Amino acid sequence: MIKYVDEFRRHDLAQLLSSAIKKESDPQRQYNLMEFCGGHTHAIFRYGVQDLMPENVKFVHGPGCPVCVLPIGRIDNAIQLTQNNNVILCTYGDLMRVPASGRKSLLKVKAEGADVRMVYSTQDALKIARENPNKEVVFFAIGFETTTPPTAVAIKQAKKEGLKNFSVFCNHVLTPAAIQNILESPEVREMSSVVIDGFFGPSHVSSIIGSQPYEFFAEEFQKPVVIAGFEPLDVMQSALMLIRQINDGRHEVENEYTRVVSREGNQKAQALVAEVMELRRNFEWRGLGMVPYSALQIKQSYAEFDAEKRFAVPQIHASDIKGCECPRILRGVKKPTDCKLFGTVCTPENPMGSCMVSSEGACAAYWSYGRFRQMKSKPVEITPIEKKGTAECQ
Amino acid sequence: MCLALPAKIIAIDETTDMATVALGEVKKEVSIALVEDVKINDFVLIHVGYALNKISPEEAERTLQLFAEAGLTE
Ligand code: SF4
């Protein structure tokens with residue numbers, strides 16, 4: 001038995017929560033609950049949580065998968081870096097298969113001879129830099145607030161050790177900015193084509209930033225937020241807490257994941273990030289377009305470790321793969337099964353878009369766990385209204 | 001990508017800010033540069049080779065209690 005895992009997957013408790021949700025939800029109303037985070041999407045599909053909900057409680061999948069939201073231009077940049085013979089590019093495994101422009105991917109350029117190495121941790125990237133003093137080791141960093149502190153630690157460590165051949169291609173993004181962007185998007189605000197009644201707050205992101213940053217938009221947008229753990233019972237309990245808030249007309253930030261998340265978060269990690277990184281004025285997200293102050297860059301005082309400066313990385317605006325609905329799926333406007341390529345041309349073995357690559361992507365989750373059930377049952381009643389100029393693809 | 005797992009600290013090396021953790025049967029070396037005052041036998045959340053936070057046993061118990069109570073509401 002694994003402590004803090006198995007207890008949160010108990011079948012008998014799931015049945016209890018399921019009946020409580022049925023009892024407390026009002027059959028006259030619809031509850032559309034957006035899970036921002038890919039980790040929740042994954043848990044919902046893997047454990048069939050949707051099947052334990054009444055018909056009128058639906059999960060809407062959000063953009064919280066760092067692999068899925070990275071725009072193609074940034075992967076093109078990374079591929080360009082690998083064309084420099086002196087560079088060893090290190091990255092997390094999930095990025096290897098993400099399709100870039102011209103049907104390339106890091107995996108393909110590696111097969112063609114580029115030195116791309118999959119690492120588990122930023123510590124591994126530092127080790128590669130120490131072992132290869134004549135090479136330039138670039139760490140291709142992605143991820144939300146959860147994954148940012150380990151990058152900051154590595155940069156500080158490189159400075160302390162005087163590692164001259166280590167740099168970071170920084171693509172770290174911020175959760176609150178993205179949630180706010182979704183709530184402000186015309187699809188959600190004016191046309192109400194996507195009705196979101198409440199949010200599941202991310203588990204591990206919140207373990208770093210705390211629950212406090214969500215207070216602003218719970219108030220501003222009058223939507224309830226419940227910070228939820230990643231295990232299936234956590235998701236169900238949080239759904240119940242959201243339903244109660246919606247029934248009462250409340251819009252507060254509540255925390256279900258108290259065993260890890262506090263209001264203040266991990267202040268040591270926050271201080272480390274603040275020392276090494278600062279806000280970027282603008283960053284492009286797949287599906288959301290340019291989002292102001294939604295990402296981090298390396299501070300001037302650590303500029304020597306910034307790969308964008310060291311290699312003069314250009315800004316590339318690449319278009320998405322034709323036919324791929326990832327951008328709309330990431331905004332919760334479409335479902336994977338709405339995409340014509342889903343399951344035919346695009347599968348996890350041969351992904352066309354980023355949402356099919358990572359196991360936290362909605363397309364991969366539908367394919368692996370929910371495909372047949374989703375096709376049988378009635379789909380979520382969300383009708384997309386296309387607005388010219390909002391989506392940057394197709 | 002955002003996967004993080006609860007693991008138990010079984011050894012600490014303060015000079016390098018590293019610890020050995022046990023994830024069920026598996027042992028791993030992780031950095032503890034991001035957490036404060038971790039002790040042997042503490043449970044921490046592990047993500048990309050780093051301990052992110054401590055897990056509170058009291059709060060975990062309380063949450064499990066909430067699940068059990070949910071079924072009893074009228
Ligand atoms: S199924 Fe594939 S092509 Fe379609 S939206 Fe998902 S990732 Fe893109």
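The values are calculated or read from the model by the stated rules, or taken from the named source; none is laboratory data. Just so you know, these numbers come straight off a predicted model, no measurement behind them. With ideal geometry, Cβ positions are generated from the backbone for all residues, glycine too; neighbour counts draw on all protein chains shown.
List of remarks:
- Flag if A:V225 is within 14 Å of chain B (Cβ to nearest Cβ) and of a type outside the set (D, E, K, R): no
- Leading residue by the ranking (surrounded by the fewest Cβ atoms within 10 Å (Cβ to Cβ)) among those in segment B:52-74 that are at the interface with chain A (Cβ under 7 Å from one of its Cβ atoms) and either among the aromatic types (F, W, Y) or in contact with a strand residue (DSSP E or B) (Cβ under 7 Å, 6 or more places away or on another chain) (or both): B:I55
- Residue in segment B:14-24 that is over 13 Å from the mean Cα position of the chain (by Cα), in a strand (DSSP E or B) and without any contact (Cβ under 8 Å) to a residue 60 or more places away in the chain present: yes
- Condition met for B:G49 (within 7 Å of chain A (Cβ to nearest Cβ), under 25 Å from A:R10 (Cα atoms) and of a type outside the set (A, V, I, L, M, F, W, C)): no
- Meets criteria (surrounded by 22 or more Cβ atoms within 10 Å (Cβ to Cβ) and in contact (Cβ under 8 Å) with a residue 40 or more places away in the chain) for A:T122: no
- Among (1) surrounded by 24 or more Cβ atoms within 10 Å (Cβ to Cβ); (2) over 17 Å from A:R46 (Cα atoms); (3) in contact with a strand residue (DSSP E or B) (Cβ under 9 Å, 6 or more places away or on another chain) - the single one A:Y366 does not satisfy: (2)
- Taking the criterion of being away from chain B (no Cβ under 14 Å) and either modelled with pLDDT of 95 or more or in contact with a Pro (Cβ under 8 Å, 6 or more places away or on another chain) (or both), the only residue of segment A:58-73 that qualifies is A:I72.
- Residue within segment B:12-24 that is among the charged types (D, E, K, R), within 29 Å of A:C65 (Cα to Cα) and more than 8 Å from chain A (Cβ to nearest Cβ) present: no
- Yes/no for A:L95 being modelled with pLDDT of 90 or more, within 14 Å of chain B (Cβ to nearest Cβ) and on the phi < 0 side of the Ramachandran plot: yes
- When residues in segment A:95-121 are screened for being of a type in the set (V, I, T), within 20 Å of the chain's Cα centre (by Cα) and closer than 23 Å to A:N132 by Cα, 1 of them pass.
- Strands (runs of 3 or more DSSP E) lying entirely in segment A:248-340 (those with 2 or more residues that are aromatic (F, W, Y)): A:277-285
Okay, residues lined up against (1) in the same structural domain as A:N86 (by TED's automatic domain parsing); (2) exposed (fewer than 14 other Cβ atoms within 10 Å of the Cβ); (3) away from the ligand (no atom under 16 Å from the Cβ); (4) among the aliphatic types (A, V, I, L, M):
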| position | (1), (2), (3), (4) |
| --- | --- |
| A:E256 | yes, no, yes, no |
| A:M277 | yes, no, yes, yes |
| A:Q297 | yes, no, yes, no |
| A:E304 | yes, no, yes, no |
| A:P314 | yes, yes, yes, no |
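- Considered as a group, the residues in segment B:26-46 that are closer than 22 Å to A:G210 by Cα, more than 8 Å from chain A (Cβ to nearest Cβ) and assigned to a strand (DSSP E or B) include one that is modelled with the lowest pLDDT, and that residue is B:I46.
- The one condition from (1) at positive phi; (2) touching a strand residue (DSSP E or B) at 6+ places or on another chain (Cβ under 7 Å) that B:G24 does not meet is (2).
- Of all residues making up segment A:77-95, the number that are crowded, with 17+ Cβ neighbours inside 10 Å and closer than 22 Å to A:C363 by Cα: 3
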